[in-house]
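K.L.:
My structure is below; once you've seen it, I'll send some questions.
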Amino acid sequence: MALGYLYKTDETPISSIAMSRRFLVVPSLVLVFSLFAVSCSESSDPESLSGVAAQIYAGECAEQSGNEVVIYSGRTENLIEPVLDAFACETGVPVAVRWGASTDLALLVEADGDRTEADVFLSRSPGPVGFLESRDLLGEIDSDVLDLVSPENRSGSNTWVGFSGRKRVLVYNVDQLETGELPASVFELTDEKWRGKVGIPATNGSFVDWFTVFRDVHGDDVATEWLDDMVANDADLYSNNRSIVEAAGRGEIDVGLVNHYYNYQEVAAAGETHRALNHDFADDDIGSLLIITAATVLKSTDAPDEAAQLLRYLLSAPVQQYFTDETFEYPLAAGVEANSTLPPLTALEIGSVDFDALGGGFATTNDIIEASGILDS
Amino acid sequence: MSMTPRSAPVGLRLLGGVVALLFSGPALYLLWRNFDESADPFGLLGSAPTLEPLGRTLQLAVAVSVSAALLGTFLAWISIRTDVPGARIWRVLLPIPLVFPTFLGAAAFIRTLSPGGLVSDLSAEVGVDLTRDIRGFSGAWLVLTLFTYPYVYLPVAARLRQLPGSLEESARVLGDSPTMTFRRIVMPQIASSVMAGSVLVFLYTISDFGAVQLMRYDTLTRAIHTNHLARPPVALALSLILLVLALVVVVGERIASKRLVAVTTNRAQRPMIYRLGRGRWVSWGVVSAVFSLAVIAPLATLTDWAWDGLRRSSTGGRSLTIDSDKVIESSVNTLQVSVIAAVVAVLAVLPVAFLVGRYRSKVGSWSHVVVVSTFALPGILIALALTYWVRSSSTANDLFAGTMLLLIFGLVVRFGSLALGVTLDAVRAVPGGFHDAAATLGAGKLRRFRTIDLPIMGPGLLAGGGLVLLSVMKELPITLLVAPLGFPTLTTRIFQSFEDAFVAEAGIMAVVLVAMSSLLSWFLVIRRADHL
């Protein structure tokens with residue numbers, strides 16, 4: 001029986017062998033090709049920069065030498081790579097980057113422990129920096145670097161320095177609202193008038209940071225009551241700033257609490273067809289807080305001098321100018337004025353995020369956010 | 001004559017054990033960190049902030065697996081066993097939804113159906129309002145069903161191709177209606193494939209973060225994400241609960257599948273093709289509708305973004321932040337890592353498949369459970385676990401940290417489960433009689449493997465590799481965190497562009513990603529695998 005079976009289907013295995021040889025040819029070719037392509041793509045050092053990076057540094061590139069600075073960057077490649085290219089070219093310090101979300105990279109540094117390859121961590125929002133500080137993974141930054149920014153934009157314990165700012169604003173749909181109807185304070189958003197019309201990125205890092213400062217400034221009772229009232233007023237939960245700006249642009253919501261930066265990107269990309277604009281709350285309102293992006297040096301770094309050099313570079317005039325002209329952020333150092341399209345920044349007076357005060361504050365913030373019921377909406 | 005039961009060779013069992021150990025790295029990490037951080041998973045299980053997202057996770061996972069099972073089985077049946085117009089083309093097109101990263105697919109979906117999106121614009125032209133606010137449970141369910149049905153479709157299609165037509169013909173001759181034939185003959189034969197596929201859908205759904213986040217549906221992965229920095233012990237405990245849930249489901253499936261009838265295969269016989277008559281075009285309409293929703297809709301939006309960006313940069317507007325060099329670089333990296341990971345994944349699960357499929361060994365069962373349940377863990381946890389273990393030993397750190405090897409390993413651990421199901425089916429498809437006969441004729445083990453197993457299993461192994469390949473192409477967290485420095489892939493660059501609202505850049509690279517994976521799946525998997 002077994003023999004007969006084998007005999008009867010004799011042809012199947014043999015023809016399949018021929019097939020299976022062919023199966024293997026294609027993947028092997030792909031493999032060989034891709035390995036080849038990778039080995040060829042190693043480029044030599046550039047002699048000078050081109051494109052946006054050349055706006056930061058137009059001269060000839062120095063020869064690459066010395067310790068390499070490894071950066072974990074929560075700021076995205078699209079925005080920061082020209083800055084890092086300019087740094088490597090102008091100073092000759094070799095740079096390697098791991099890109100990712102700030103939160104994920106902070107978790108990675110923690111999992112890395114003392115053996116982390118990272119020398120510098122750039123965070124898009126304060127939370128991840130507070131986390132690393134609480135785990136005692138941050139080193140101290142030289143005072144001559146810290147002194148480049150005003151005291152409210154740097155750590156009291158010398159562990160981080162702000163290098164650009166994003167302001168909290170209210171994004172609104174221009175077809176549904178007149179400027180006169182817009183509120184002067186976040187506290188007005190709990191009015192009946194705004195029922196079901198406001199988007200909140202309640203689980204997003206920058207909102208959580210903002211709300212933690214809110215608690216710090218107004219006290220837990222006021223902050224909790226405000227958020228509960230917002231939920232009672234049918235505020236809509238969104239996952240992040242960008243999706244709120246999109247939703248406001250297409251009229252899904254009338255207004256939303258976001259960082260100023262995203263609407264500038266949408267307008268730059270879509271022009272007139274994007275139907276939303278930023279509205280600034282009153283200067284002394286908590287809604288006008290400045291959220292800063294921060295640079296830190298890891299405690300375990302083996303290139304402390306080069307790391308300090310990089311931080312100093314981020315705070316230099318050409319780079320600060322780049323941040324405000326190309327990424328529409330607020331400069332924090334070197335006396336650079338904010339781009340004229342940005343609203344003047346008097347909001348600084350109420351202080352930017354104080355990471356140190358935030359230290360253990362996130363757990364409580366999360367408790368209040370969860371208890372508000374916004375996540376179940 | 002049936003295969004004589006024998007115990008597995010020691011070498012194979014050892015190999016199976018090693019695979020299980022390597023795959024259990026993330027689980028051991030969770031156990032250790034829970035202990036180390038004094039997390040309290042049992043205490044959390046009783047609290048509302050845990051139970052509510054857990055309940056929602058379960059609801060969503062059950063709903064998505066049921067609908068994906070129905071949809072995947074239906075599409076496999078229609079495209080393999082009927083004379084639906086364009087059956088051959090559908091076989092190439094239907095697996096494509098697998099290549100969309102869910103964070104991108106969900107976003108494109110929202111954009112397409114929302115006010116101002118393509119669908120609502122077009123429908124407004126003809127006076128219909130098709131605008132939908134897709135969010136919450138229904139949004140997450142829809143998107144995940146559309147993007148995960150291939151996990152059921154691919155193995156069921158493979159199984160349907162291999163079913164001998166004779167049984168069905170006999171049933172029809174004896175007077176069974178087509179539906180009765182399907183229920184009594186076909187259903188029992190494909191049940192194990194449907195179930196194995198549905199388990200993958202279930203596990204993928206509980207591991208997903210991209211779609212549930214964008215659809216604003218609060219599940220366990222979202223709770224893990226928000227607690228990661230603020231309250232690490234809570235995040236660790238929730239992750240452990242997720243893993244236990246996966247274990248329960250996988251063990252349950254193992255027990256249930258033992259009760260199913262053994263499958264018969266006969267590759268010499270053509271499968272029976274049903275004539276649908278007038279139903280042909282109805283079926284064509286249904287398949288087209290599914291494909292339009294799952295592929296055309298998101299792809300149209302992505303193309304729209306890409307086109308806008310290209311036009312803008314060429315007419316003096318804002319220039320793009322990527323150039324062709326960057327697109328090529330990330331395409332090559334994507335290709336390289338996904339091909340290598342696919343090959344390694346198939347090799348890694350092969351011993352487990354042999355242990356389970358041919359020897360019913362205990363070691364095999366354990367390895368199988370470990371490999372499959374790991375699929376429920378979000379990629380970020382796998383990345384953190386690998387990093388933690390490698391960095392904890394100075395030798396491992398020197399050898400593996402920041403290497404390509406570690407990246408491939410992480411991807412294989414994440415997606416090995418996808419290759420295992422199909423590989424297992426392939427192992428089972430080798431008739432035991434062949435081996436007995438060949439052994440009688442004096443063929444050694446290796447020769448039998450080369451001349452009997454490999455040729456018959458070839459298509460199945462390719463399909464398994466294909467599933468891994470397509471999944472690696474869209475993988476994000478492991479690639480971001482574990483890859484060697486300066487190793488961008490299409491998906492990592494899409495993610496970054498998208499994060500900062502550079503939608504044109506994201507669109508361009510997404511179109512490249514979809515085109516590349518469609519081509520690959522055609523060349524490597526579908527065109528060559530004669531059983532698909």
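All of the numbers you see were taken from the coordinates with simple rules; none came from a lab. Everything numeric here is computed off the predicted structure, so don't read it as measured data. For neighbour counting, all protein chains shown are included, and Cβ atoms are generated from backbone atoms with ideal geometry for every residue, glycine included.
K.L.:
Would you calculate, for chain B, the mean residue ellipticity at 222 nm contributed by helices, counting each DSSP H stretch of 4 or more residues as -39,500 (n - 2.57) and dividing by all residues, to the nearest 500?
P.N.:
-23500 deg cm²/dmol
K.L.:
Taking amide H atoms as placed 1.01 Å from N in the peptide plane, list the residues 5 or more away in sequence, or in a different chain, whose amide H sits under 5 Å from that of A:Val97.
P.N.:
For A:Val97, the qualifying residues are A:Ile71, B:Gly486.
K.L.:
What is the spin-label model distance, in nm, from A:Gln64 to B:Leu519 if the labels are put 7 Å beyond Cα along the C-beta direction?
P.N.:
2.9 nm
K.L.:
Also, I was wondering about something else. When the C-alpha atoms of the stretch B:392-469 are aligned to their principal axes, what extent does each axis show, in angstrom, from largest down?
P.N.:
Largest first, the stretch B:392-469 extends 52, 26, 16 Å along its Cα principal axes.
K.L.:
Something else: Could you state, as a whole-number percent, how many of the C-alpha pairs of the stretch A:65-111 are farther apart than 14 Å?
P.N.:
Looking at the stretch A:65-111, the distances longer than 14 Å represent 52 percent of pairs.
K.L.:
How much length is gained on full extension from B:Ser288 to B:Thr403, taking 0.36 nm per residue of separation minus their Cα-Cα distance?
P.N.:
Extra length available between B:Ser288 and B:Thr403 comes to 37.1 nm.
K.L.:
State, to one decimal in nm, how far the label point of A:Glu140 lies from the label point of B:Ser392, with both points 7 Å from Cα in the Cβ direction.
P.N.:
Simple spin-label model gives 3.3 nm for this pair.
K.L.:
Would you please give the FRET efficiency between B:Thr179 and B:Trp307, computed as 1/(1 + (r/R0)^6) with r the Cβ-Cβ distance and R0 = 41 Å, to the nearest 0.05?
P.N.:
0.35
K.L.:
Still on this structure, I have one more. Other chains near B:494-507: what is the mean number of their Cβ atoms within 10 Å of each residue's Cβ?
P.N.:
What the average comes to for B:494-507 is 6.
K.L.:
While we're looking at this one, here's another question. Relative contact order, percent, of chain B when contacts are C-alpha pairs under 8 Å separated by at least 6 residues?
P.N.:
24 percent
K.L.:
Over the protein assembly as shown, what is the percentage of antiparallel beta bridges among all DSSP beta bridges, to the nearest 5?
P.N.:
65 percent
K.L.:
On to the next question. What is the mean number of Cβ atoms from other protein chains located within 10 Å of the Cβ atom of each residue in peptide A:57-69, rounded to a whole number?
P.N.:
Per residue, the number of nearby Cβ atoms from other chains is 0 on average.
K.L.:
What residues have an amide H closer than 5 Å to that of A:Gln64, excluding those fewer than 5 places away on the same chain, when H is modeled at 1.01 Å from N in the peptide plane?
P.N.:
Distant-sequence amide H within range of A:Gln64: zero hits.
K.L.:
Which whole number gives the average, over all residues in A:95-105, of C-beta atoms from other chains lying within 10 Å of the residue C-beta?
P.N.:
6
K.L.:
Grab the beta carbon distance between B:Phe42 and A:Asp367, set R0 = 25 Å, and tell me the FRET efficiency rounded to 0.05.
P.N.:
After rounding, the FRET efficiency stands at 0.75.
K.L.:
Okay, moving on. Starting at 0 and stepping by 5 Å, how many percent of the alpha carbon pairs of the stretch B:129-207 end up in each bin?
P.N.:
Percent of Cα pairs in each bin: 3, 14, 18, 16, 13, 11, 10, 8, 5, 2, 0.
K.L.:
Determine, at each q value in 0.06, 0.07, 0.10 (inverse angstroms), the log₁₀ of I(q)/I(0) that the Debye formula gives when each Cα of chain B is one equal point scatterer.
P.N.:
Values returned for q = 0.06, 0.07, 0.10 Å⁻¹ are -0.29, -0.40, -0.83.
K.L.:
Need the list of aspartates and glutamates near B:Lys326 for cross-linking: C-alpha distance under 16 angstrom, and skip anything on the same chain fewer than eight residues off.
P.N.:
Hits, sequence-local ones excluded: A:Glu42, A:Glu77, A:Glu81, A:Asp85, B:Glu505.
K.L.:
For B:Val62 and A:Asp376, FRET efficiency with R0 = 22 Å and r from the beta-carbon atoms, rounded to 0.05?
P.N.:
0.70
K.L.:
What is the fewest-to-most order of B:Val344, B:Val250, B:Val152 by other Cβ atoms lying within 10 Å of their Cβ?
P.N.:
Taking fewest neighbouring Cβ atoms as first place, the list is B:Val344, B:Val250, B:Val152.
K.L.:
Let me ask something else about it. Report, ordered by chain and residue number, the aspartates and glutamates lying within cross-link reach of B:Lys445, taken as a straight Cα distance under 15 Å and ignoring same-chain residues fewer than 8 apart.
P.N.:
B:Asp436, B:Asp453
K.L.:
For B:Thr440 paired with B:Leu260, estimate the spin-label separation in nm (one decimal), with each label point 7 Å from Cα along the Cα-to-Cβ line.
P.N.:
3.1 nm
K.L.:
Still on this structure, please answer the following. So for each of A:276-288, B:72-84, B:395-407 I average, over its residues, the number of other beta carbons within 10 Å; can you give me the resulting order with the highest mean first?
P.N.:
B:72-84, A:276-288, B:395-407
K.L.:
Convert each backbone phi in the stretch B:471-479 into a coupling constant with the Karplus relation 6.51 cos²θ - 1.76 cosθ + 1.60 (shift: θ = phi - 60°), then list the ³J(HN,Hα) values in order as whole Hz, x for Gly and Pro.
P.N.:
6, 5, 4, 9, 5, 10, x, 5, 4
K.L.:
When we measure straight from the Cα of A:Lys197, which lysines land under 25 angstrom away, once same-chain ones fewer than 8 places off are left out?
P.N.:
Candidates past the 8-residue exclusion: A:Lys167.
K.L.:
Another one. Could you state the per residue volume, in Å³, of the convex hull enclosing the Cα atoms of the protein assembly as shown?
P.N.:
169 Å³
K.L.:
Could you tell me what percent of the DSSP beta bridges with both partners in the stretch A:158-274 are antiparallel, to the nearest 5?
P.N.:
55 percent
K.L.:
Fewest first, what order do B:Tyr217, A:Tyr172 take by the number of other Cβ atoms within 10 Å?
P.N.:
Ordered by Cβ neighbours within 10 Å, fewest first: B:Tyr217, A:Tyr172.
K.L.:
Please work out, to two decimal places, the log10 of the ratio I(q)/I(0) at q = 0.13, 0.21 Å⁻¹ from a Debye calculation in which every Cα of the stretch B:414-532 carries one identical scatterer.
P.N.:
-0.67, -1.12
K.L.:
Sorted by packing (mean other beta-carbon atoms within 10 Å per residue), highest first, where do B:371-383, B:86-98 land?
P.N.:
In descending order of packing, they fall as B:371-383, B:86-98.
K.L.:
If you don't mind, another one. Quick one: go through the stretch B:440-454 and flag any residue whose amide nitrogen is under 19 Å from the point 7 Å out along the Cα-to-Cβ line of B:Val10.
P.N.:
B:445-446
K.L.:
Can you compute the equivalent ellipsoid semi-axes for the stretch B:193-352, i.e. the square root of 5 times each eigenvalue of the Cα gyration tensor, sorted largest first and rounded to whole Å?
P.N.:
Ellipsoid half-lengths, sorted descending, are 36, 31, 20 Å.
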